[in-house]
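The values are calculated or read from the model by the stated rules, or taken from the named source; none is laboratory data. Being a predicted model, the structure only gives us computed values, none of them experimental. Here the Cβ positions follow ideal geometry from the backbone for every residue, glycine too, while neighbour counts run over all protein chains shown. These accessible areas exclude ligands, DNA and RNA; they are computed on the full protein's heavy atoms, side chains included. Shrake-Rupley method; radii C 1.70, N 1.55, O 1.52, S 1.80 Å.
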Amino acid sequence: MLNLSRLHLLSELAVLGTIAKVAEAVNLTRPAVSQQLAILEQETGAVLFERSGRGVRLTLAGESLVARSAKVLDLVNEIEADLASAKGAVAGEVRISAFGSVATTFIPAVFEDLLREFPQLDLRFEELEPGESLKAAAAKQVDLALVDDSISAEALSSMLYFRPVYEDHFSVVMAANHRLAKEASIQVSELSSENWAINRNAQTYKAQIVNACHEAGYTPRVVASCRNMAATLEMVRTGYVVTVLPALALRAAAADPAFAVVPVAPLMVRRIFVAMVQGTFRRPAIAAVLRALDGVVPRFAGTTQSLNSDARAKRTEGVLSD
């Protein structure tokens, strides 16, 4: 009979790509993982993986075994979740990962609400980019991964369940004294003569913004190519450039009187999901986190626009009082 633990190691190898990463994920040594995988190959009588560059890749036999064993592992997860559900206690460890703007908005509020209601929970958090989060969820390094649609999840769709969380709209960010700062919304076409700052590390969003500009009939003049959002915003603060960013990441900027944050048209959105292994949501502790997330998300809907309206009102009051 095939060993479930060894099948799980092979599944993790399919996701993580190296024996070293698998060993780290399951708290084993590299030799121990290699030995268990070698035994699995003996049990199946097939070569299941081969070296490829610095990592490994599954053979056709390995891919077939992972695909067929996925149903078995899912069933085991469901049984474990049902056993936990039968106990009914909202307790134990829950590991959560999320990317930057979610890590500074939803996650702290979720932690506060949960720990107030269920102090016996052992909550763990790790900030990861969406691609890393997906792999961590598939490899069971985290229980819940908050990701967005900036990456393709097709390769892991058979391993994970995706639950919609939030739809985040993009906004134009400019200096408070910009000629368009008091507009209710700004057409992409109105920014054709502007200098742009873009976070080049967010390649998907960069492509989305550039494509929107192309559809409006121009190529954006990017004069500030930054590695992160903080640097991008500081360049905008100079008044020399404008940028477009997801609104959820702009709560601090919207409250800062140095900036104007205005919705962009046509509408540009990113969708945020929570990814988890199939059946995980049956665990009482996981279900409690998901309920807390549902309760927290509405607090942030439309927050950027209202904060920016308040900031603009304060600036107007200042001008009138002068």
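Structural remarks
- Residues that are charged (D, E, K, R) and free of Cβ contacts under 8 Å to residues at least 60 places away in the same chain within the range 234-287 comprise Glu234, Asp256, listed in sequence order.
- Of all residues in the range 137-161 being among the charged types (D, E, K, R) and open to solvent by 30 Å² or more (accessible area, probe 1.4 Å), the one that is modelled with the lowest pLDDT: Glu154
- Here Val76 does not qualify as at pLDDT 90 or above, in contact with a Leu (Cβ under 7 Å, 6 or more places away or on another chain) and open to solvent by less than 70 Å² (accessible area, probe 1.4 Å).
- Within this structure, Thr219 passes the test of being free of Cβ contacts under 8 Å to residues at least 40 places away in the same chain, open to solvent by 30 Å² or more (accessible area, probe 1.4 Å) and more than 30 Å from Leu290 (Cβ to Cβ).
- Contacts under 6 angstrom Cβ, first residue in the range 188-214 being under 18 Å from Leu267 (Cβ atoms) and modelled with pLDDT of 90 or more, partner of a type in the set (Gly, Ala, Ser) and not in a helix (DSSP H, G or I), 6 or more apart: Val188/Ala216; Ser189/Ala216
- Within the range 271-299, being open to solvent by 10 Å² or more (accessible area, probe 1.4 Å) and in a strand (DSSP E or B) holds for Arg271, Phe273, Val277.
- Which listed residue, of Glu234, Glu190, is surrounded by fewer than 19 Cβ atoms within 10 Å (Cβ to Cβ) and in contact with a Cys (Cβ under 9 Å, 6 or more places away or on another chain): Glu234
- Lone qualifier among Leu65, Leu60 - being modelled with pLDDT of 85 or more, touching a Leu at 6+ places or on another chain (Cβ under 8 Å), aliphatic (A, V, I, L, M) and over 18 Å from Gln141 (Cβ atoms): Leu65
- The set of residues in the range 98-136 being open to solvent by 40 Å² or more (accessible area, probe 1.4 Å), aliphatic (A, V, I, L, M) and under 17 Å from the mean Cα position of the chain (by Cα) is empty.
- Check on Ile19, open to solvent by 30 Å² or more (accessible area, probe 1.4 Å), in contact (Cβ under 8 Å) with a residue 24 or more places away in the chain and aliphatic (A, V, I, L, M): no
- Exactly one residue among Ser185, Ser171, Ser193 is among the hydroxyl-bearing types (Ser, Thr, Tyr) and more than 17 Å from Leu250 (Cα to Cα), and that residue is Ser193.
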